[in-house]
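Each remark here refers to the structure printed beneath this line.
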Amino acid sequence: MHSKNKLFALALCALSAAPVMADDEHYVNFLLGGRAMGMGGAYTAISDDPAGMFYNPAGIVYAHSPNLSASVNAFRFSNKTFENVLTGGNDWSRENSALVPNFFGVTQPFGNFTVGFSYAVTDTSEEDQAQTFSNLSSNIERFTINVNETNTVNKLGPSIAYQASDNFSIGMTFYLHMRDTKTIVNQYVKLNESLDTSSTGQHTEWTNSYYKNSEYGITPKIGVIWSPTDKLALAATYSQNFVFASTGYSQTTCLASHKTTSSSCDTSKVYATQTAGETSNTHSEDPFELRFGTAYFASSQLLLSADMTFHSEVTGKRSVVNVAGGAEYYIDPEWAVRAGGFTNFSNAPTPTTSYASEQIDFFGGSLSVTRFSKNSSISAGTNIQYGTGTSSSVAAGRITDVSALDMTFFLSTAYSY
């Protein structure tokens, strides 16, 4: 390959295959519900407010009055840095942020039954990024990349729970699953003119990639809670996502000022190419999820909880076990403080030079404060998770170190009527 074309290929390959920020490689992308968010998601054995319809529908029977809950605002910020991925040993960072109402739910008791309806945003990101790198090396004068991406996963549907006895309940949630992802990536490379050995006198290449995907499905969830004593609760849930329709569209356009052997602009006479295609049923199998939880009501002021979540192995994804622990302490009847810790391990296979993958294991913590009034409460807090790992998805043919930070700030309200 001509030395000039080698430089083009190196710069383009480094980022053209970069994964979108939509995160299929983790299962704890967005904690939901004000109380549960403050306790690090360790909520399976509690679940006695509308957020229980997501964590464990069996718990909503213990909210003995009608209840409405909404995480009014949740601001999420994420940063991911790939080390030494650009020509010249430079790092490359991607950031995204989103402000969304991530949960709404309402429950209504009817004797031993409680019914409800909830809407949950289990993952969301919005990235609009523009970066220009000058003089990456003596070979590349300028490299520019613009990324615009949106990704949202929504679930909504009804729940029903039954209190079979004083110490046992069972419940089910039936969610409609919807996901939309769109990514646009523009890349521009300009070489140092001193490298030109052709008659074109030009040294640039521009590539535009567009990808869009939509999917629809269902997510049934069934759960139970058993209280062997007044102070102890044990719980379990089972759920799985089933996608019944998925469509995708992709388009790549490339414009080069010279002959290049990079795959996107492989022409000998005409220096502009375009490829496009539509796909259907593009979604692979999703794993099933088993959650186990315990809650210990130590006193009227202190509550402790712990969860363990298992996701099964499916094609292209490893099995994963995550854990979470939380605590709630009432300073007085009007104020409570909540804190928690959790893991968010990657389901991705180990990255290799022949298999593109990204594996980042996160550890996170949460903290919130709640103010109670007669029939309502308001909570404010944050969840932060940080992880490190390796990736072979960005730099073709080599493995790079990667680190990521994810922060969520939330404001939640609840009302009993």
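Laboratory data are not the source of any read-out in this text; all were calculated from the coordinates shown. This structure is a prediction, so every number in the text was calculated from the model and none was measured. In this analysis, Cβ positions are derived from the backbone assuming ideal geometry, glycine residues included, and neighbour counts consider all displayed protein chains.
In debye, nearest 20, what is the charge dipole magnitude of segment 43-175 about its Cα centre with +1 on Lys and Arg Cβ and -1 on Asp and Glu Cβ, if you could check?
In debye, rounded to 20, segment 43-175 gives about 180.
Subtract the Cα-Cα distance of Asn79 and Asn186 from 0.36 nm times their separation in residues, and report this length gain in nm to one decimal.
36.6 nm
Please identify the trypsin sites (Lys or Arg not before Pro) of segment 346-417 that satisfy two criteria: DSSP loop assignment and at most 16 other Cβ atoms within 10 Å. Which are they?
Lys374, Arg398
At 0.36 nm per residue, and after removing the present C-alpha to C-alpha distance, how many nm does the segment from Tyr329 to Asp401 gain when stretched out fully?
Gain on extension, Tyr329 to Asp401, equals 22.0 nm.
What does the charge count near Asp128 come to, summing +1 for each Lys or Arg and -1 for each Asp or Glu among other residues with Cβ under 14 Å from its Cβ?
Here the count lands on -2.
So how do 143-156, 35-48 stack up, highest first, on mean other-Cβ count within 10 Å?
35-48, 143-156
Report the calculated FRET efficiency for Leu290 and Phe113 (r = Cβ-Cβ distance, R0 = 25 Å), to the nearest 0.05.
0.50
Determine which residues of segment 80-124 fall in the zone a paramagnetic label at Tyr386 would reach in this model, i.e. backbone nitrogen under 16 Å from the point 7 Å along Cα→Cβ.
The answer is 80-82, whose backbone nitrogens lie closer than 16 Å to the label point.
Which order do the peptides 361-369, 59-67 take when ranked by the mean count of other beta-carbon atoms within 10 Å per residue, highest first?
So the peptides 361-369, 59-67, ranked by packing, come out 59-67, 361-369.
What whole number of Å gives the distance from the Cα centroid of segment 26-62 to the Cα centroid of segment 96-154?
20
What FRET efficiency, computed as 1/(1 + (r/R0)^6) with R0 = 25 Å and r the Cβ-Cβ distance, is obtained for Lys374 and Asn167, rounded to the nearest 0.05?
FRET efficiency, Lys374 to Asn167: 0.25.
Using R₀ = 22 Å, calculate the FRET efficiency as 1/(1 + (r/R₀)^6) where r is the Cβ-Cβ separation of Tyr238 and Asp361; round to 0.05.
In this case the efficiency is close to 0.35.
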